[in-house]
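Here's the structure, in structure tokens; my notes come after.
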Amino acid sequence: MNTATQETDLPTFPIPRTDLLVPPAEYAKFREQGPTKVRMWDGRDAWVFTRNADVRELLSSPHFSADPTKPGYPFLTPARAATVKSYQTFITMDPPDHTKFRRMLTKDFTVKRMEELRPAIEKYVDGLIGDMIEHGPPCDLVKHLALKLPVTVVSMLVGVPYDDHERLVKWSNDRLDLSLPAEVSQQAYKHMADYFDQVVQKKEKDPGDGSDMVGRLVLEQIRTGNCTRMDAVHMILLLYFAGHETTANQIGMGVLNFLMNPEQCKKLQANPELAKNAVEEMLRLDTPTHYNACRAAIADVTIGGQLIRAGEGAYALLIAANFDPAVFPEPTKFDIERANASAQMTFSYGLHQCIGQPLARLELQTVFKTLFQRLPNLELAVPFDQIPFKREMYVYGLNALPVRW
Amino acid sequence: MTTTKTDDNQVAPKSFRIILNQEKCIGAGHCVTCAPDIFGQNEDDGVVILLNDNPPPDRLAAVESAARMCPTGVIQVTKEE
């Protein structure tokens, strides 16, 4: 067992965001040093990796575990530590369990499946923009589009009524709020688990032909004994939760990027095919997953020239990797024609790379191909300093984006 | 097989082989997006399948792109000498 050396003057972590649009300045200092040891809220230490190459190396290494029950696994706050008491899903598993469970859902996210979903997504986006236009300015883009679209899509995907979303989103928010006590986070999770338990139980009584996700899980995985009902409940919960929060935040911040960079907006309007690369660039610049990814070393391993011992915790900071000037010159610049934008790491890397990324991309690309064509004069309806940012949330984004046209 | 120069002084593309380590595949599908003529996905679990085990040499760049984008290093490209 590794006993943390009681080094004084270690930087504390996490580092609160003071600048709303770029990561903490400390990450650039860490990047210069290389792997950096930090002190956490509970007196434990962890390693922080900020260089793009080191983040890739760590996340590709079989010597790091995603399992929060492993010794040394770091927790940002007491609320995050409470997650270890939640039921585990493949997001916090290592192979072979990770492989087994993840592969129960990958067929819903294939390239072919996304192409099948494309017309429905385009229809939703057109409808939501139409509703915004009908509502008239000023309008909260987060409420009417950024949040509404992914919630609609993920509700359809897992087969829950859209109308249930208000309480589901509230519970999700409680879960992600780093400032709330651990008990609130746990209680929120319990509510969500109870809700999805009802959903799965209903499907168990009548799975239909298995053409929908939950029905298919019942027929192919629960009834065959490949997984339990609770396994399925928690996987669906994970998809619902991860499937709306992150995408909603990215849509909001992506729109803001364009509102603050009018020349980039004009480029997109002149050539909507740039939406594809613009989406990669906004993923890089905004990195809603700004505290991901954490791991625990399960063997002694050298990453970025630093020996990490088994039982030590590590953050492979995706946001820092996304701002590494060695890979992305002028990293704070929003450049929708950046040649290597698709090298962004917001969806993480290695075997836990986001399962929903094709769906996220489909939603984002559809929004950004369309929004500025239909609302070419879209602008902020409030001064920048009145835009509420999710400063204390595990996933970064905007609480609201008042716009007018 | 050696490279040959064509009339406009360009090096002709080398032929290559693709080796897949399907066990590592997480079904992300980047390879399909990079080279949909070469890579497909299994209907049941989204794991990569090779659609063309004799890829034309001019597809090397697309396949190398796929190999780079793959988050778990499934795709290995061996160029013929």
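Readers should treat all values here as calculations from the given coordinates under stated rules, not as data from a laboratory. All of these numbers come straight from a predicted model, not from anything done at the bench. Here the Cβ is made from the backbone with ideal geometry for all residues, glycine too, and neighbour counts use every protein chain on show.
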Once every DSSP H run of n ≥ 4 in chain A is given -39500 (n - 2.57) and the sum is divided by its residues, what mean residue ellipticity at 222 nm do you get, rounded to the nearest 500 deg cm²/dmol? -14000 deg cm²/dmol
Out of A:197, A:97, A:231, any idea which swings most in a Gaussian network model of chain A, alpha carbons joined below 10 Å? A:97
Alpha-carbon centroid distance for the pair region A:85-101 / region A:185-201, whole angstrom: 18 Å
Could you tell me the relative contact order of region A:26-404? Use alpha-carbon pairs under 8 Å, at least six residues apart, and round to a whole percent. 27 percent
Sort B:62-69, A:316-323, A:178-185 by the packing proxy (mean of other Cβ within 10 Å over each peptide's residues), most packed first. A:316-323, B:62-69, A:178-185
What helices does chain A hold that run 24 Å or longer along their axis, going by alpha-carbon atoms, with a Kyte-Doolittle average of -0.5 or more, using DSSP H for the helix calls? A:111-135, A:229-260, A:357-374
Among the listed pairs A:29/A:333; A:123/A:148; A:70/A:170; A:112/B:14; A:333/A:369, which have their C-alpha atoms separated by more than 23 angstrom in this model? A:70/A:170; A:112/B:14
Mean other chain Cβ within 10 Å across B:21-29 is 6
Neighbouring partner chain Cβ atoms per residue of B:35-48, average, 10 Å criterion: 4
Taking only C-alpha positions in the protein assembly as shown, Rg and Dmax in angstrom work out to 22.8, 73
For A:396, A:27, which order do you get if you count the other beta carbons within 10 Å of each Cβ and list the fewest first? A:27, A:396
